[in-house]
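Colleague: Structure provided below as structure tokens; questions to follow.
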Amino acid sequence: MVPLEINRLDVASSPDQYRVIAGAIYDSLLKREIRYAFERYHPSEALQAIRTPAEIVEAPREGTCLDLAALFCGLCEAYELLPLLIVINGHALAAVSLTNGVREWNGPRPAAIVQRDGTGRVAVGGVAHKPWRVEAAEAEMPRGAKAVVAQLLAGARTTHDNVFKPPLVERLPPHSRPMPRQAGE
């Protein structure tokens with residue numbers, strides 16, 4: 001792991017803790033004077049060899065946009081940030097959540113697929129051994145997220161070991177995505 005000039009625990013109560021830690025990771029890499037490099041040769045143009053962290057950080061201290069973005073994301077995750085590796089049009093970059101860290105994100109996550117008429121499907125991951133789906137909750141989708149969550153939890157029974165899960169589901173808004181368009185629409 002690349003050492004930082006700050007202790008992440010010292011900024012844990014700061015409202016901008018994630019930005020501060022991400023900035024410290026970036027600054028630490030910047031001080032190593034890592035150079036941009038072209039892709040290594042690979043017999044298949046469809047593949048790109050990824051350099052190891054040691055090759056990027058220690059010697060020869062170089063990397064492509066994909067090498068550097070993957071390294072930055074890996075370091076962010078090691079420091080309990082929530083990174084995202086984005087690859088678009090032959091380029092790679094990293095994004096980091098400034099509102100959630102890994103610990104906040106690893107709980108139950110409601111997900112919804114919403115159709116244009118407001119109906120759809122809802123499932124909650126991270127609650128049981130498989131995503132948890134309640135059809136009565138799906139019927140509440142036109143009424144909004146609060147009504148859906150109320151139905152999701154209506155029949156929930158907790159034990160001593162999982163009593164913390166329903167409040168997590170209640171406070172997380174569903175992540176939704178629209179249904180794909182059908183041919184001719």
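Colleague: Quick one: if the Förster radius is 30 Å, what FRET efficiency do H91 and V11 give, using the C-beta to C-beta distance and rounding to 0.05?
Modeller: According to the calculation, E is roughly 0.45.
Colleague: What FRET efficiency comes out for A54 versus F164 if R0 is 45 angstrom and r is the Cβ-Cβ distance? Round to the nearest 0.05.
Modeller: Efficiency, from the Cβ-Cβ distance: 0.70.
Colleague: Tally Lys and Arg at +1 and Asp and Glu at -1 over the other residues with C-beta under 12 Å from the C-beta of A92: what net charge comes out?
Modeller: -2
Colleague: Taking the highest mean first, how do the peptides 58-69, 9-20 order by number of other beta carbon atoms within 10 angstrom per residue?
Modeller: In descending order of packing, they fall as 58-69, 9-20.
Computed from the coordinates by the stated procedures, all read-outs in this text should not be read as laboratory data. Not measured: the values here are computed from a predicted model. Please note: Cβ atoms are built from the backbone with ideal geometry, for glycine as well, and neighbour counts cover all protein chains shown.
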